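What follows draws every value from the coordinates through simple rules; no lab data is involved. Treat the numbers as computed from the prediction; the structure is a model and nothing was measured. In this analysis, Cβ positions are derived from the backbone assuming ideal geometry, glycine residues included, and neighbour counts consider all displayed protein chains.
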Amino acid sequence: MKKYILFLVFILVLVNCGPQKPKVKILSIESKGCHFCEEQQQIFEKLKEKYKTKIMIEVHLIEDPDGTSFADKYGVTRFPTNIFMDEKENVFFRADGLLKKDTIEKILQIKGI
C-alpha cells in the first residue's frame with residue numbers, strides 16, 4: 001500500500017512539474033514595413049522578459065498565408081491588431097492599433113497577471 005501511495009505522489013509531482021500553459025495568449029496581426037507594428041514588437045519583447053511563461057505572443061504577418069487567414073478570421077482592417085485570449089483561446093479583449101506597455105499590463109491584470 002505504501003508503494004502505491006508513493007507511486008501516486010510521484011506521478012502527481014511529475015504532472016505538476018510539466019510545462020505551464022500560459023494564462024494569456026496575445027495574437028498580433030501585423031504588416032511588413034508598418035512603423036507601429038515594429039514599435040509593438042519592441043514592447044512585446046519587454047513584456048516577454050517580464051512575464052516569461054505567463055503570456056505567449058504570436059505574431060502573424062498579413063503577407064504570409066497564415067497571417068491572411070488570421071486576418072480574415074478576426075476581421076482585421078488595421079495594423080497592428082492585437083487579440084487577447086485566455087487559456088481556452090476565448091477572446092477577452094481586442095485592440096486595433098498600437099498598444100503601449102502600460103495598457104497591455106492593465107489588460108493582463110483582467111486575468112490576474
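If contacts are Cα pairs under 8 angstrom and at least 6 residues apart, what is the relative contact order of the range 21-109 in percent? List each step's numbers first, then the result.
Details: 142 pairs, mean separation 34.4, N = 89.
Across the range 21-109, relative contact order equals 39 percent.
Using a simple charge model, +1 on the beta-carbon of Lys and Arg, -1 on the beta-carbon of Asp and Glu, nothing else, what dipole does the range 30-73 show about its Cα centre, in debye to the nearest 20? Let's see the in-between values first.
Numbers: 7 positive and 10 negative charges, 79 e Å.
Dipole about the Cα centre, nearest 20: 380 debye.
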TODO: Take each of the peptides 50-57, 106-113, average the number of other beta-carbon atoms within 10 Å over its residues, and list them starting from the highest.
DONE: 50-57, 106-113
